[in-house]
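Please read the structure below before turning to the comments.
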Amino acid sequence: MSFMTTAFITHAACAKHEMGAWHPECPERLAAISDQLISSGLTPFLMHVDAIEATNKELARVHPLSHVQEVLSAAPAQGYVSLDADTLMNSHTPEAARYAAGAVIKAVDLVVNAVAENAFCAVRPPGHHAGSSTPMGFCIFNNVAVGVRHAQAVYGLKRIAVIDFDVHHGNGTEQIFSGDKSVLMCGFFQHPFYPHSGASSTAKNMVNVPVAAGSGGDVIREVFEYHWLAALEKFKPQMIFISAGFDAHREDDLANMRLVEADYVWLTEQIMAVANRFCAGRIVSVLEGGYHLSALGRSVAAHIKSLSGLA
């Protein structure tokens with residue numbers, strides 16, 4: 001595989017959002033990724049780009065403007081405000097949430113305009129549990145959905161695939177795109193498990209594959225080859241977004257799956273093969289879950305190494 005230009009997009013504001021010392025979705029997640037990229041020697045090979053802030057107009061393509069304004073104005077001057085049992089805001093959350101969504105917008109611009117061949121957005125708060133009017137599951141806005149709608153509104157793309165390999169079902173992304181023929185969503189997730197959805201989806205553009213606790217790489221290979229691949233080939237995406245959660249790793253205590261770095265490499269390479277066939281390799285990958293810091297750093301590095309053709 002030849003070397004490719006992979007944009008690595010993040011912003012310092014994403015580390016200022018935090019939800020308490022007890023919370024697994026912590027600023028140290030981004031530091032663990034950065035440290036691993038340095039120690040693995042990948043950093044010099046990446047195009048480092050600062051995220052931009054998503055505007056109200058860009059967020060409102062996915063979330064009603066009244067909802068955007070209500071959420072952003074809920075942030076406290078000090079301390080925390082709870083949006084649900086495990087999703088909190090501090091004073092820096094509005095800025096972090098704008099940059100998290102804006103990173104995906106920036107990634108779309110770079111990839112569609114061929115400045116970069118693909119991109120990885122190291123952002124938080126994550127996004128795939130956020131519905132059009134519902135923050136939940138550590139997520140404020142749906143970052144991937146904002147990117148998809150930007151690609152459609154600004155560049156006129158007609159067929160976009162979203163591949164979600166987080167251990168939890170991307171219920172917010174499904175709610176936003178369910179029944180939308182311009183978007184195909186493929187996902188696997190541990191089931192039964194939080195957020196207790198996805199297993200009975202009926203929308204034709206949703207290819208959800210629930211998998212049992214304890215599932216490892218062999219199961220995920222079957223998911224891709226027997227469920228996702230045919231749907232992706234039929235759909236012929238013009239661009240692929242990845243909701244890249246790494247909490248299915250066997251070292252991650254928040255779930256019970258058994259993936260290792262090599263499984264993320266394999267998945268990434270299969271997704272890239274589809275992207276190379278149908279959409280000139282255009283992939284935007286966006287961080288979702290992954291809470292064991294060492295496993296997260298190693299898995300993201302393996303994913304990015306594959307994206308950049310350095311594996």
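Every number in this text was worked out from the coordinates using simple rules, so none of it is lab data. Note that the structure is a prediction, hence the values are computed from the model and not measured. Cβ sites come from the backbone with ideal geometry, for glycine too, and all protein chains shown count toward neighbours.
Using alpha carbons only, the radius of gyration of region 6-307 set against its Kirkwood radius gives Rg/Rh = 0.93.
Amide H contacts of Gly187 (H built 1.01 Å from N, in plane; Pro and chain starts excluded): Asp164, Val207, Asn208, Val209 sit under 5 Å, all sequence-distant by 5 or more or on other chains.
Using just its DSSP H runs of length 4 or more, each adding -39500 (n - 2.57), the chain gives a mean residue ellipticity at 222 nm of -11000 deg cm²/dmol after division by all residues.
Near the amide H of Gly281, within less than 5 Å, lie the amide hydrogens of Asn276, all on another chain or at least 5 residues away, with H placed in the peptide plane.
When the chymotrypsin sites (Phe, Trp or Tyr not before Pro) in region 16-109 are filtered for DSSP coil states and for at most 14 other beta-carbon atoms within 10 Å of their beta-carbon, the remaining sites are Trp22. Note that region 210-275 carries a Kirkwood radius of 12.7 Å, evaluated over its alpha carbons pair by pair.
In terms of surrounding Cβ atoms within a 10 Å radius of their Cβ, Tyr194, Tyr264 rank from fewest to most as Tyr194, Tyr264.
With a Cα cut-off of under 13 Å and a minimum spacing of 8 residues unless on different chains, the lysine pairs in the chain number 6. Report the per residue volume, in Å³, of the convex hull enclosing the C-alpha atoms of region 177-219. Hull volume over Cα atoms, normalised by residue count, gives 72 Å³. Computed as a quarter of the hull surface, the mean projected area of the alpha carbon convex hull for region 223-311 stands at 5.6 nm². Positive contributions from Lys and Arg (+1) and negative ones from Asp and Glu (-1), summed over other residues with Cβ under 13 Å from the Cβ of Ala96, come out at 0.
For Leu88, the residues whose modelled amide H falls within less than 5 Å of its own, excluding neighbours fewer than 5 places apart on the same chain, are Leu83. Ordered by the number of other Cβ atoms lying within 10 Å of each residue's own Cβ, fewest first, Thr87, Thr55 fall into the sequence Thr55, Thr87.
Shape summary of region 14-156, radius of gyration then Dmax from alpha carbon positions: 15.3, 45 Å. Where the alpha-carbon atoms of region 108-245 are placed on the principal axes, they occupy 41, 32, 27 Å, in descending order.
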